[in-house]
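The values are calculated or read from the model by the stated rules, or taken from the named source; none is laboratory data. The shown structure was predicted, so the numbers you read here are calculated from the model rather than taken from an experiment. Ideal geometry is used to build each Cβ from the backbone, glycine not excepted, and the neighbour counts take in all protein chains shown.
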Amino acid sequence: MIQKLADKIKKTHAPICVGLDPMLNYIPEHILKKAFAEYGETLEGAAEAIWQYNKGIIDATYDLIPSVKPQIAMYEQFGIEGLKAFKKTVDYCHEKDLIVIGDVKRGDIGSTSAAYATGHLGKVTVGSKTYAAFDEDFATVNPYLGTDGIKPFIDVCKEEKKGIFILVKTSNPSSGEFQDRLIDGRPLYEWVGEKVAEWGADHMGDTYSYVGAVVGATYPEMGKVLRKVMPKSFILVPGYGAQGGKGADLVHFFNEDGLGAVVNSSRGIIAAYKQEKYAKFGSENYADASRAAVEDMIADIDGALNAVK
Ligand SMILES: O=C(O)c1cc(=O)[nH]c(=O)n1[C@@H]1O[C@H](COP(=O)(O)O)[C@@H](O)[C@H]1O
């Protein structure tokens, strides 16, 4: 799967991932109206609206991009109905041959991590049968519990040829409270980055490891350091667009081969029609606005990478 990600990035020239983080207030009126007419203003109605909204964006962008990243909290807030919409979205993206990064940010004691890994990346056994429950290709994982919280994910990834992205330096304003703390003279994120490289050496693809890292676009200098600490890990880079990250900030997240990073934008793409720049599309054509925003994001990153060649 890590090779598929690298190959798809090469084919599309788009080291990006569209963040499918639907919120009801981004969903155009015509979609909400239809879903509520069918299911009422219920959790089911919300889930139907989310699904139709996602489908529109996927249909309008799938040929341009290698991957998507649905963030499960946006679905979970609608309970079981929301989770059904999450699963429908994952399956539909697979039908479109997109790589799905499940942004689930799990991690616990070993036995519990094993269950998370089984549910999101592996197969669960029921009597004589096995089922891939959520079946994403990658999952985001929190390393706070240490090696025994990570190992079960790697075990499942080895069986399934899937991967994880481990939080190393997150994009949010408070990420430094813990992550930048110096331990023996070095920031915690560097120690975590070193562990990512070590864990990753145990599950390598042809050139890149199945164990990647998350480093926010909002911290480019730290990204530059971490790129060197984890040369064989893909870095998932959130924080582009709505959080302020720009193409020029991202060049050092990439390796010399032009690979090694996949940049996420969620609100900047899925709610593009609400931005002045794309307002001309109107809410009816929200998916065309998303396509235009994807094209602009690809051009921005490509331009920044070419400028430093
Ligand atoms: O793991 C992530 O994807 C993640 C890590 C991080 O450090 N910062 C971060 O924003 N994210 C996720 O990336 C997405 C960013 O959304 P936008 O700011 O709308 O592009 C959300 O799904 C966040 O949960």
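The set of residues in region 1-28 being touching a helix residue (DSSP H, G or I) at 6+ places or on another chain (Cβ under 6 Å) and of a type in the set (D, E, K, R) consists of ASP21 alone. Within region 13-25, not a single residue is acidic (Asp, Glu), part of a helix (DSSP H, G or I) and at pLDDT 95 or above. Criterion applied to LYS8, LYS34 was being basic (Lys, Arg), within 17 Å of LEU236 (Cβ to Cβ) and either part of a helix (DSSP H, G or I) or touching a Pro at 6+ places or on another chain (Cβ under 6 Å) (or both), and the one residue passing it is LYS8.
If I filter region 279-289 for residues that are within 11 Å of the ligand (Cβ to nearest atom) and under 27 Å from PHE138 (Cβ atoms), do I get at least one hit? No, region 279-289 contains no residue that is within 11 Å of the ligand (Cβ to nearest atom) and under 27 Å from PHE138 (Cβ atoms). Suppose we filter region 174-198 for residues that are within 16 Å of the ligand (Cβ to nearest atom) and either within 17 Å of LEU145 (Cβ to Cβ) or within 19 Å of the chain's Cα centre (by Cα) (or both); how many remain? So the answer is 8. List the residue pairs whose Cβ atoms are under 8 Å apart, where the first residue sits in region 162-173 and is in a loop (DSSP other than H, G, I, E, B), the second is more than 8 Å from the ligand (Cβ to nearest atom) and charged (D, E, K, R), and the two are 6 or more positions apart or on different chains. Hits for this filter: LYS162/GLU136; LYS162/ASP137. Note on region 41-70: among residues that are in a loop (DSSP other than H, G, I, E, B) and out of contact with any strand residue (DSSP E or B) (no Cβ under 9 Å at 6 or more places or on another chain), the one that is nearest to the ligand (Cβ to nearest atom) is ASP63.
Of the residues making up region 242-263, those that are within 13 Å of the ligand (Cβ to nearest atom) and in contact with a Ser or Thr (Cβ under 9 Å, 6 or more places away or on another chain) are ALA242, GLN243, GLY244, GLY245, VAL262. Scanning region 2-47 for residues that are of a type in the set (Gly, Ala, Ser) and over 26 Å from LEU83 (Cβ atoms) yields ALA6, ALA14. When TYR273, TYR240 are checked against the criterion of being within 19 Å of the chain's Cα centre (by Cα) and either modelled with pLDDT of 95 or more or hydrophobic (A, V, I, L, M, F, W, C) (or both), TYR240 stands alone in meeting it. Answer with yes or no whether PHE153 is within 15 Å of the ligand (Cβ to nearest atom), part of a helix (DSSP H, G or I) and surrounded by fewer than 17 Cβ atoms within 10 Å (Cβ to Cβ). So PHE153 fails the test. Contact annotation: residue pairs with Cβ atoms under 6 Å, 6 or more positions apart or on different chains, pairing a residue in region 221-244 that is closer than 11 Å to GLY19 by Cβ with a partner that is assigned to a strand (DSSP E or B) and near the ligand (Cβ under 9 Å from one of its atoms), are LEU236/PHE165; LEU236/VAL214; PRO238/ASN264; GLY239/GLY245; TYR240/SER265; GLY241/SER265. Regarding region 71-88, can at least one residue be identified that is closer than 25 Å to PHE253 by Cβ, β-branched (Val, Ile, Thr) and in a helix (DSSP H, G or I)? Scanning region 71-88, I find no residue that is closer than 25 Å to PHE253 by Cβ, β-branched (Val, Ile, Thr) and in a helix (DSSP H, G or I), so the answer is no. Here LYS309 clears all of (1) within 16 Å of the chain's Cα centre (by Cα); (2) not in a helix (DSSP H, G or I) except the condition numbered (1).
One residue alone among ASP180, ASP206 is modelled with pLDDT under 95 and in contact with a helix residue (DSSP H, G or I) (Cβ under 9 Å, 6 or more places away or on another chain), and that residue is ASP206. When we screen GLY205, GLY200 for residues that are surrounded by 20 or more Cβ atoms within 10 Å (Cβ to Cβ) and within 20 Å of LEU5 (Cβ to Cβ), the only hit is GLY200. Name the residue that is farthest from the ligand (Cβ to nearest atom), counting only residues in region 91-121 that are in a helix (DSSP H, G or I) and charged (D, E, K, R). Of everything passing the filter in region 91-121, GLU95 is farthest from the ligand (Cβ to nearest atom). Test LYS274 against the stated conditions and say whether it is within 13 Å of the ligand (Cβ to nearest atom) and under 30 Å from LYS33 (Cβ atoms). Criteria met by LYS274. Being among the aliphatic types (A, V, I, L, M) and closer than 21 Å to ILE99 by Cα is a description that applies to ALA261. Here GLU284, GLU256, GLU276 are screened, and the one residue that is farther than 19 Å from HIS13 by Cβ and free of Cβ contacts under 8 Å to residues at least 40 places away in the same chain is GLU276.
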